[in-house]
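> I'd like to ask you about the structure that follows.
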Number of protein chains: 2
Amino acid sequence: MNLVLLENKDFIDQSHVMIKGRRFKHLTLINKVAKNDRMVCGLLNGKVGTGLITKISNNFLEMKICFDNDPPEPLPLTLVLALPRPKMLKRIIESVTSLGVKKIYLVNSWRVEKSFWQSPLLCEDNLRKYMVLGLEQGRDTVLPKIYQKRFFTRFVKEELARIAKNSLCITAHPKTKKICPSGENKKITLVIGPEGGFIDIEVETLEKQGFSSYHIGQRILKVETAVTYLISRLYS
Amino acid sequence: MNLVLLENKDFIDQSHVMIKGRRFKHLTLINKVAKNDRMVCGLLNGKVGTGLITKISNNFLEMKICFDNDPPEPLPLTLVLALPRPKMLKRIIESVTSLGVKKIYLVNSWRVEKSFWQSPLLCEDNLRKYMVLGLEQGRDTVLPKIYQKRFFTRFVKEELARIAKNSLCITAHPKTKKICPSGENKKITLVIGPEGGFIDIEVETLEKQGFSSYHIGQRILKVETAVTYLISRLYS
């Protein structure tokens, strides 16, 4: 845990928090904190700062908190992702959150298995768990927003143009001739297909909405590798 | 499976192979191949080409093979990685293999848990399994070489200078002031520490061997995310 993410309910007075449960266990067993240690802390959707550990008992600890900094800048990226298999989705949510992505659209596509949409992971509380892990990892406080879109064509035709307005519009697609640009460092809407890729008509639907298709070389990457690879490439 | 990786023992005559077991199951259940379909194939450590499916039975299939291309260029990167937890190591081996890395040194470090070195994953056959998955994913044929180094200081002082000769020497380290360069596209030796990072004396030992330390921004990434992120950044 690189940052202790705090919520208002953790506060026992204006400048002290009490930490129990998962965070307490992680801090004592993994970070091995002791009294008078300092930890980086952050208020959910708020500032970051330092927590001085003032008390450790068997099942809780207390910290004196001082917030004095803003969280890191968000990445100006909207990620549109064909719903991956739940196990992979967990890791992707955590990693893109740690990378600073704040808007994620999970969309259907021809090659997305229907059963993926039934996964309990897609409940708000479960997704939030992996976002929180990503924030703790990346020393950030601002929860991403995740939207779920079950109808690809309707979403792309009716909503995507507005979402992607004034951004560079990119579809990652192995079967194309142009190599993905690098070091763009600006507002981007990035669409990534499922394992096996988008089918042709999906790529065309995206192209009609102004999305250019780019590959990332001869090698085909797993979706979770491709997501990190592309984000790094576009913001290098 | 984006490439069917073949070995000499799969050949039943000069141009035909018989595929059983895991690859057969994957091709029929996931790729859903049928007679007369063509698949990208490659010979382990050799050429790539096409396989025409000539026969499918209940538990094997046969293909007529024509090799006509070289595998993709290897990445001119030597990766030196503090041994990660086994579950993560599997994914890292698979992803860096799919990215074209051919030389991997797994090294000890102060913050590497001793038990990780006891993992059965570190047997050659087990590591090979994940390299093969990476080759099938990335449409490559050339197995990486993985070396295991249990003594950090001895390895860095006695072997690393020779290994890293004529390459750009980089240690990824969050607690430093220089941002990691991007788009280097040349021979690089990249050292990545464990979760929690290298301790100061380890970074100094590396610096004495010519390794400069660079961070990748305010955000701290998990090792598996950092590996892909750094490779993409250095070769964008």
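The values are calculated or read from the model by the stated rules, or taken from the named source; none is laboratory data. Every value quoted in this text rests on a predicted model; they were computed, and no experiment measured them. Virtual Cβ from ideal backbone geometry, glycine too; neighbours counted across all protein chains shown.
> Let me confirm something: among B:E159, B:E124, B:E195, B:E184, which residue is of a type outside the set (K, R) and surrounded by fewer than 13 Cβ atoms within 10 Å (Cβ to Cβ)?
Working: B:E159 fails: surrounded by fewer than 13 Cβ atoms within 10 Å (Cβ to Cβ); B:E195 fails: surrounded by fewer than 13 Cβ atoms within 10 Å (Cβ to Cβ); B:E184 fails: surrounded by fewer than 13 Cβ atoms within 10 Å (Cβ to Cβ).
Being of a type outside the set (K, R) and surrounded by fewer than 13 Cβ atoms within 10 Å (Cβ to Cβ) holds for just one of B:E159, B:E124, B:E195, B:E184, which is B:E124.
For (1) in contact with a strand residue (DSSP E or B) (Cβ under 6 Å, 6 or more places away or on another chain); (2) more than 25 Å from B:G217 (Cβ to Cβ); (3) assigned to a strand (DSSP E or B), each residue gets a yes or a no:
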| site | (1), (2), (3) |
| --- | --- |
| A:G42 | yes, no, yes |
| A:N45 | no, no, no |
| A:T50 | yes, no, yes |
| A:N59 | no, yes, no |
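> Give me the pairs: first residue in segment A:33-45 and among the small types (G, A, S), second residue at pLDDT 95 or above, beta-carbon distance under 6 Å, and six or more apart or on different chains, which are they?
A:G42/A:L3; A:G42/A:L5; A:G42/A:V48; A:G42/A:T141
Yes or no, residue by residue, for (1) over 15 Å from the mean Cα position of the chain (by Cα); (2) within 26 Å of B:N2 (Cβ to Cβ); (3) surrounded by fewer than 15 Cβ atoms within 10 Å (Cβ to Cβ); (4) at pLDDT 95 or above:
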site	(1), (2), (3), (4)
A:P86	no, yes, no, yes
A:S109	yes, yes, no, yes
A:S115	yes, yes, yes, yes
A:Q118	yes, no, yes, yes
A:E136	no, no, no, yes
A:I170	yes, yes, no, yes
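> While we're here: Contact list please: Cβ distance under 7 Å, first residue in segment B:1-16 and within 14 Å of another protein chain (Cβ to nearest Cβ), second residue charged (D, E, K, R), pairs at least six apart or on different chains.
Correct list of pairs: B:M1/B:E136; B:N2/B:E136; B:N2/B:R139; B:L3/B:E136; B:L3/B:R139; B:V4/B:R23; B:L5/B:E136.
> Can you tell me which of (1) over 27 Å from A:C180 (Cβ atoms); (2) at pLDDT below 95 is the one B:G210 doesn't meet?
(2)
> Confirm whether A:V156 is in contact with a His (Cβ under 8 Å, 6 or more places away or on another chain) and farther than 28 Å from B:T141 by Cα. Spell out the reasoning first.
Values: in contact with a His (Cβ under 8 Å, 6 or more places away or on another chain): no; farther than 28 Å from B:T141 by Cα: yes.
When the stated conditions are applied, A:V156 does not pass them.
> Is it the case that some residue within segment B:88-98 is part of a helix (DSSP H, G or I), assigned by TED's automatic domain parsing to the domain that holds B:N166, surrounded by fewer than 19 Cβ atoms within 10 Å (Cβ to Cβ) and more than 11 Å from the chain's Cα centre (by Cα)?
yes
> Looking at segment B:99-120, which of its residues are more than 14 Å from every other protein chain (Cβ to nearest Cβ), part of a loop (DSSP other than H, G, I, E, B) and among the hydrophobic types (A, V, I, L, M, F, W, C)? Walk me through it before giving the result.
At the first step, the residues of segment B:99-120 found to be more than 14 Å from every other protein chain (Cβ to nearest Cβ) are B:103-109, B:112, B:114-120.
Narrowing the set further to residues that are part of a loop (DSSP other than H, G, I, E, B) leaves B:108-109, B:112, B:119.
Hit for segment B:99-120 is B:V112, nothing else.
> When the residues of segment B:16-40 are narrowed to those that are modelled with pLDDT under 95 and part of a loop (DSSP other than H, G, I, E, B), which ends up surrounded by the fewest Cβ atoms within 10 Å (Cβ to Cβ)?
By that ranking, first place goes to B:K32.
> May I pose another question? Is it true that some residue in segment A:62-76 is over 28 Å from the mean Cα position of the chain (by Cα) and either modelled with pLDDT of 95 or more or surrounded by fewer than 17 Cβ atoms within 10 Å (Cβ to Cβ) (or both)? Break it down stepwise before answering.
Going through segment A:62-76, the residues over 28 Å from the mean Cα position of the chain (by Cα) turn out to be A:62, A:64.
Adding the requirement that they be either modelled with pLDDT of 95 or more or surrounded by fewer than 17 Cβ atoms within 10 Å (Cβ to Cβ) (or both) leaves A:62, A:64.
Scanning segment A:62-76 turns up at least one residue that is over 28 Å from the mean Cα position of the chain (by Cα) and either modelled with pLDDT of 95 or more or surrounded by fewer than 17 Cβ atoms within 10 Å (Cβ to Cβ) (or both).
> Those residues that are among the polar types (S, T, N, Q) and closer than 20 Å to B:Q148 by Cα, I need them from segment B:52-97; list them, please. Break it down stepwise before answering.
Our first condition is that a residue be among the polar types (S, T, N, Q); within segment B:52-97, this holds for B:54, B:57-59, B:69, B:78, B:95, B:97.
Residues satisfying the conditions are B:T78, B:S95, B:T97.
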